[in-house]
Each structure stands twice: as structure tokens, then as C-alpha cells.
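K.L.:
Handing you this structure, nothing more for now.
The values are calculated or read from the model by the stated rules, or taken from the named source; none is laboratory data. What you see is a predicted model; the values in this text were computed from it and never measured. Note: accessible area is taken over every heavy atom of the protein model, side chains too, but ligands, DNA and RNA are not part of it. Shrake-Rupley method; radii C 1.70, N 1.55, O 1.52, S 1.80 Å.
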Amino acid sequence: MAQAQTEDVRATKSELIFNLALLSQAPNRPQQDTYVICAFEEDIAHLKATTLESQKLQNLQIFLVTVKSLADVKRCNLLFIQDYVVQKTLELQQIIQKDSVLTVVHRSNKFSEYSHVEISEQDKHYQFALHLTSAKVAGLVFDTRLIKLATNIIN
């Protein structure tokens, strides 16, 4: 029973991340052949157990990549952070802004205040807040459908 609930939560998280990616654009980012979703070693297990890698996003194959250094973040379209403790906050912020990396952070993580999307789980459902100012600085644009679904909009 507990395993089924864990799988349901992972599936929901997978769907949420997929839809966040689908309804967010980075018009300043060069075109790519793949859509790269990244996470640090502490967080990659949260994504590996999902169906993300078997999906396509706007005809681009999704790849999950483990970030081993901050330089690896530059190749990411989306960076997911849940348990990882960010040591070099300013450096990571600069990379995310310069390279238009959509950053999805779990609310329990201290880096969530610097994210573009802050997710939280409540009663086996996910909610999310959009940080519009940080997204604008990074050159990211949210679809109006995503803005309507957000539980909180932070300017």
C-alpha cells in the first residue's frame, strides 16, 4: 500500500514537471535536439523513478542528467532541486539567469526563494507557486494556462 502511494506521488511529480516544462518557454535559449532535465545527485532518484525519460516534449526527447558540478547546469533546460543543499547560491543563480534554466525547487529547500517554480506536496497533491520576477530576469515566459493553475504568484 505504501509503495503504491509512493509511486502515485512520483507519477504526479513527473506529470507536474512535464507540464511545467511544456508551459514554459525560454525564447533566448538556443534551439536544442533534446530537452534536458537535470538534478543534483541527491535529487536524481526523485526523477529516475518516473516516466519522464520515456516522453517527448514538443518533439524533443527528454533526457535526465545528474549534475556533478555547477558548470553542468548550463546544459539543462530544467533544473529540479529537492534535497540538495546549494553551497554556492550566487554562482548557481547567475548560471540559471544567464542560461535561461527553468528552476523547479521543492518548498522545503532553502533555494526555493531563488527558483522560478516552487512546488509543495499537500495531502498527496502538488501545488506550485510561480516567481515571475526571477523568471523574467532569466528570460523565461510562462504560458497563461500555467499562471491560472498556480496556487500563488510571487512578483
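K.L.:
At a probe radius of 1.4 Å, what is the per-residue accessible area of ARG29, in Å² to the nearest 10?
P.N.:
Near enough 30 Å² of accessible area.
K.L.:
Per Stokes-Einstein, at 4 °C and 1.567 mPa s, what whole-number D in µm² s⁻¹ belongs to the range 15-115, with the Kirkwood radius over Cα pairs as the hydrodynamic radius?
P.N.:
Answer, rounded: 95 µm²/s.
K.L.:
Please calculate the 1.4 Å probe accessible area of THR133, with all protein chains present, and give it to the nearest 10 Å².
P.N.:
Approximately 80 Å² for this residue.
K.L.:
Of all the Cα-Cα pairs you can form in the range 48-101, what percent are over 18 Å apart?
P.N.:
In whole percent, the share of Cα-Cα pairs in the range 48-101 beyond 18 Å is 38.
K.L.:
So if I take the alpha carbon set of the range 77-155, get Rg, then get Rh from the Kirkwood formula, what is the Rg over Rh ratio?
P.N.:
Reported Rg/Rh, Kirkwood definition of Rh: 0.95.
K.L.:
Shifting gears a bit: Jot down the per residue volume, in cubic angstrom and as a whole number, of the convex hull over the alpha-carbon atoms of the range 1-73.
P.N.:
Convex hull volume per residue, Cα atoms: 90 Å³.
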